[in-house]
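The values are calculated or read from the model by the stated rules, or taken from the named source; none is laboratory data. For clarity, every value in this text was computed on a predicted model and none was experimentally measured. Using ideal geometry, Cβ is built from the backbone for each residue, glycine included, and neighbour counts are taken over all protein chains shown. Note: accessible area is taken over every heavy atom of the protein model, side chains too, but ligands, DNA and RNA are not part of it. Shrake-Rupley method; radii C 1.70, N 1.55, O 1.52, S 1.80 Å.
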Amino acid sequence: MAPAIRLAAAAAAAALVLPGSALAATTVGQLFPTNLDTVPDATQLTGLHVQLPEPNCTTHPSDCADVAELDQLDGFNIQPRLTIPFSGPIDVATVSSSTIFLVGPDGSRVGINQLVWEPATNTLFAESDQQLAQHTTYLLVVTTGVHDANGAPLDATTFRHDLNYGQTKDPVLKAYRKTLLGALPLADPSSIAGASVFTTQSITALGETIRDQLTGSTVNFNLGTHGERTVFSAATTPLITVAHQTGTSTFDPSPLPILAPSSPLFAGIGSVAFGTYDSPNYETPQAVIPAYGTKTGVPAVQSVNHVQFTLWEPAGAPPAGGWPTVIFGHGFTDSKDGAPVLVASAFARAHLATIAINVVGHGGFPGGFYTATTTSGVVTLPDGGRGVDQNGNGVYDQEVEGVSAVGAANELVATRDGLRQTTIDLMQLGKVLQQGSIAGLSTSRIYYAGQSFGGIYGVQLLGLDPDIRAGVPNVPGGSITDIARLSPAFRPLVGLGLLGHVPSLYNATPVTLTNFNENMPLRDQPPVIATPDQVAIQQFLDWNVWEQQTGNPAAYAPDITQPVIIQFARGDKTVPNPTTSAILRAGSLAARATLFRNDLAFAQVPGYTVTNPHTFLTNLFVPVQAQFAIEAQTQMATFLASDGQTVIDPDGALPYFETPTSLVPEDLAYLP
């Protein structure tokens with residue numbers, strides 16, 4: 001929309017919601033989100049794309065770049081931050097889900113939560129109390145039940161009049177007014193002081209389109225440096241280790257064991273194999289999947305990933321139809337040589353094979369290698385590291401370099417497309433298994449389990465791929481932005497983002513990267529009073545969540561149809577409980593969740609001192625912790641081996657696991 005037209009639209013929109021008389025009464029300004037900030041677009045499922053007011057790109061270049069990213073979306077956030085300006089102060093105590101709410105096309109109401117009042121601009125901010133449906137139009141309503149600071153109801157005497165008789169020749173405004181008028185009967189028009197209509201963004205469209213493009217791949221098991229076959233029997237291979245490449249010419253100083261049959265850690269495993277398959281890569285060199293029309297767009301393959309996998313098979317002969325197979329997803333900063341190694345034995349003893357790949361940007365640089373010591377000699381082969389030296393410093397930074405988008409124009413994208421590409425690679429792996437490219441594995445009994453980051457993209461995978469028969473995401477959470485903001489481990493990343501924003505949004509001195517003050521309440525907490533600098537941080541965070549929703553597991557939770565268990569831990573400091581609860585609420589999954597009560601274990605179990613239970617699934621090396629890891633792994637293996645039919649309480653009548661959870665916690669509950 002040209003600037004002159006936008007100014008005219010803003011003026012006309014004001015006429016739709018601001019009364020022309022009774023100036024002393026408190027009125028409602030233009031609400032956000034609103035489809036006034038969109039333009040028609042026939043290439044999108046929603047029929048529109050976002051077009052926000054353009055900031056001053058000279059003084060606010062970061063906002064300008066962010067708006068350019070958001071303008072590519074086909075709708076507004078499915079967990080929207082509502083902006084409600086008033087002409088004067090209000091009594092915030094009169095704000096509730098009965099006085100401000102959203103209405104869906106079927107008439108269902110959604111309330112509000114996490115209220116923030118900014119006195120400097122007389123603006124109220126709130127989040128929808130529920131995640132909204134994708135590519136759906138909602139009515140946002142402010143009623144006269146909200147009172148001003150003197151106790152008087154908001155003025156609504158001219159709202160209906162201006163809406164019915166306001167004059168405009170702009171076809172976009174006419175269409176908006178018609179839509180708004182058509183939606184008002186969903187509420188009580190006589191009590192409406194202000195309203196807007198807006199359409200939410202599409203979430204699953206790109207993933208579904210790409211899923212339908214995938215055709216599988218052949219598999220190569222001859223990865224040895226001299227062309228040797230890289231399938232190793234535990235009976236003839238006493239040791240396999242890995243050394244990740246950490247820099248241009250540096251490697252891990254202490255190679256990790258991938259197979260050591262003499263160790264109880266590998267009990268039940270009969271063989272380990274290393275292979276590759278081809279997966280279409282949709283990311284550009286900047287680690288961004290370009291935007292496409294969600295209705296008519298055809299995502300373009302940028303290149304081909306030669307993805308390496310590790311496969312652990314149980315001892316003995318495969319059953320008729322082949323081993324049921326669990327795709328296991330590792331966590332952030334981990335690799336297929338970490339958590340998958342630690343669960344493979346539990347799966348093997350339940351007669352399940354385990355297969356794992358590296359997440360985009362994980363596993364070190366590509367020069368890492370395995371060393372397999374066999375009874376007939378030593379075989380070396382690449383380890384399949386997917387790190388990328390994005391900054392050119394010759395060092396594999398933070399053990400995740402390559403998963404996040406780079407470039408000032410892509411700051412809002414962050415890990416969104418690394419998550420999506422990893423999900424694509426796993427859907428392709430599923431196709432590889434279905435077409436029988438790996439002998440001895442079932443072509444139909446394909447399952448998923450993953451830890452942390454693996455739980456996050458695992459929820460996305462389960463929501464997109466119905467051919468995965470059952471799944472157990474362990475300690476997932478969303479959004480990534482909320483995880484980073486609330487987690488002590490990741491909060492500095494948000495601080496860096498605030499400092500790097502131009503102009504800087506960091507609002508504390510001295511800068512520690514964690515002492516910025518966003519002043520955002522958790523769910524179900526009382527309203528907070530915020531200052532303009534805090535509100536600026538809140539908008540920065542909201543824009544990140546909005547742009548990254550297609551990588552947010554909570555956005556895919558409503559589409560999960562398979563049997564699942566969501567495992568999580570009370571007081572998790574890495575993926576905080578409110579972010580897991582967002583998934584449980586979005587997918588109505590609380591009845592299918594198992595909660596590890598780390599708080600009770602810490603208080604009651606002698607010698608148990610874990611204050612961050614995030615890795616409870618794989619804490620196998622300290623006996624008092626290992627008992628809980630074994631129990632959680634047993635629940636996971638039993639469930640998947642039963643085709644998702646058998647759900648056990650990991651510790652039976654003991655109180656340390658709750659199946660199902662008694663809590664959907666919205667607090668942090670961190671142990672000191």
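Remark: the SER254-VAL511 segment gains 88.9 nm on full extension, using 0.36 nm per residue and subtracting the alpha carbon distance. A simple rule links phi to the HN-Hα coupling: the Karplus curve 6.51 cos²θ - 1.76 cosθ + 1.60 with θ = phi - 60°, which for segment 37-45 gives 9, 9, 9, x, 7, 6, 7, 9, 4 Hz, with x for Gly and Pro. Straightening the chain between THR531 and ALA439 buys 26.9 nm, computed as 0.36 nm per residue apart minus the Cα-Cα spacing. Counting other Cβ atoms within 10 Å of each Cβ, which chymotrypsin sites (Phe, Trp or Tyr not before Pro) in segment 603-663 have at most 11 and sit in a DSSP loop? Passing both the DSSP loop test and the Cβ count: PHE621. Go ahead and collect, in residue order, the members of segment 181-220 whose backbone nitrogen is under 18 Å from a label point 7 Å along the Cα-Cβ direction of SER98. Taking a point 7 Å out along Cα→Cβ of SER98, the residues of segment 181-220 whose backbone N falls under 18 Å are 187-193. Taking all protein chains as they are arranged and a probe of 1.4 Å, the heavy atoms of HIS60 leave approximately 70 Å² accessible to solvent.
For ASN393 and SER191, the FRET efficiency from 1/(1 + (r/R0)^6), where r spans their Cβ atoms and R0 equals 56 Å, is about 0.40. Consider a paramagnetic label point 7 Å from the Cα of SER662 along Cα→Cβ; state which residues of segment 600-620 have an amide N under 13 Å from it. Output list for this probe position: 600-601. A simple packing score, the average count of other Cβ atoms within 10 Å per residue, orders the peptides 131-138, 640-647 as 131-138, 640-647, with the highest score first.
Only lysines eight or more places from LYS178 in sequence, or on another chain, were considered; those with a Cα closer than 26 Å are LYS169, LYS295.
Name all residues of segment 363-406 having a backbone nitrogen under 14 Å from the label point set 7 Å from the Cα of ALA235 along its Cα→Cβ direction, giving them as ranges. Under cut-off, by backbone N: 375. Length gained on full extension, THR43 to THR59, computed as 0.36 nm times the residue gap minus the Cα-Cα distance: 2.5 nm.
Counting only Cβ charges, +1 for Lys and Arg and -1 for Asp and Glu, the dipole size of segment 386-535 around its Cα centre is about 440 debye. With unit charges on the beta carbons (Lys and Arg positive, Asp and Glu negative) and the dipole taken about the Cα centre of the chain, which residue among THR241, ASN150, ALA557 sits farthest to the positive side? Looking along the dipole axis, the top candidate is ALA557. Here's how it looks for HIS49: its modeled amide H is under 5 Å from those of VAL39, ASP41, which are all 5 or more places away or on a different chain. Relative to the longest principal axis of the chain, what angle (0 to 90°, nearest 10) does the C-alpha long axis of helix 623-641 take? Roughly 80 degrees between the two axes. As a rough guide to protection, the peptides 177-189, 439-451 ranked by mean Cβ packing within 10 Å, highest first, stand as 439-451, 177-189. With both labels modelled 7 Å from their Cα along Cα-to-Cβ, the ALA408 to PHE602 distance reads 4.3 nm.
Ordering GLY392, GLY363, ALA344 by the projection of their Cα atoms onto the charge dipole of segment 315-424, which places +1 on the Cβ of Lys and Arg and -1 on the Cβ of Asp and Glu, puts ALA344 at the extreme positive end.
If R0 is 45 Å, what FRET efficiency do you get for THR375 and ALA626 from their C-beta distance, rounded to 0.05? Present the calculation step by step, with values, prior to reporting the outcome.
Values: r = 31 Å, r/R0 = 0.69.
So the FRET efficiency works out to roughly 0.90.
One equal scatterer on each Cα of segment 553-640, no solvent, Debye formula: the resulting log10 I(q)/I(0) at q = 0.10, 0.16, 0.21 Å⁻¹ is -0.27, -0.67, -1.04.
Note on the chain: with charges restricted to the Cβ of Lys and Arg (+1) and Asp and Glu (-1), its dipole about the Cα centre is near 860 debye.
Taking 1 over the mean of 1/r across every pair of different Cα atoms in segment 409-550, what Kirkwood radius in Å do you get?
Working: mean 1/r = 0.0574 Å⁻¹.
Here the Kirkwood hydrodynamic radius works out to 17.4 Å.
For the peptides 338-349, 302-313, 190-201, 242-253, the ranking by packing is 338-349, 190-201, 302-313, 242-253, with the highest mean count of neighbouring Cβ atoms within 10 Å listed first.
Roughly speaking, to the nearest percent, how much of the chain's 1.4 Å accessible area is carbon and sulfur?
Working: 14240 of 24600 Å².
Of the solvent-accessible surface of the chain, carbon and sulfur hold 58 percent.
Taking a straight Cα-Cα cut-off under 29 Å and skipping sequence neighbours fewer than 8 places away in the same chain, the lysines within cross-link reach of LYS573 are LYS336.
Given a 1.4 angstrom probe, what's the average accessible area per residue across segment 447-520, in square angstrom? Don't skip to the answer; put the middle values down first.
On the way: 2150 Å² over 74 residues.
I get 29 Å² per residue for segment 447-520.
Angle of helix 491-500 to the longest C-alpha principal axis of the chain, folded into 0 to 90 degrees and rounded to 10: 60°. Share of Cα-Cα pairs in the chain beyond 35 Å, in percent? So the portion of pairs separated by more than 35 Å is 45 percent.
I need the calculated FRET efficiency for the pair GLN51 and THR638, taking r as the beta carbon distance and R₀ as 45 Å, to the nearest 0.05. Let's see the in-between values first.
Numbers: r = 52 Å, r/R0 = 1.15.
Once rounded, the FRET efficiency stands at 0.30.
Tell me the angle of helix 171-183 to the major Cα principal axis of the chain, expressed in degrees between 0 and 90 and rounded to the nearest ten. Approximately 80 degrees, to the nearest ten.
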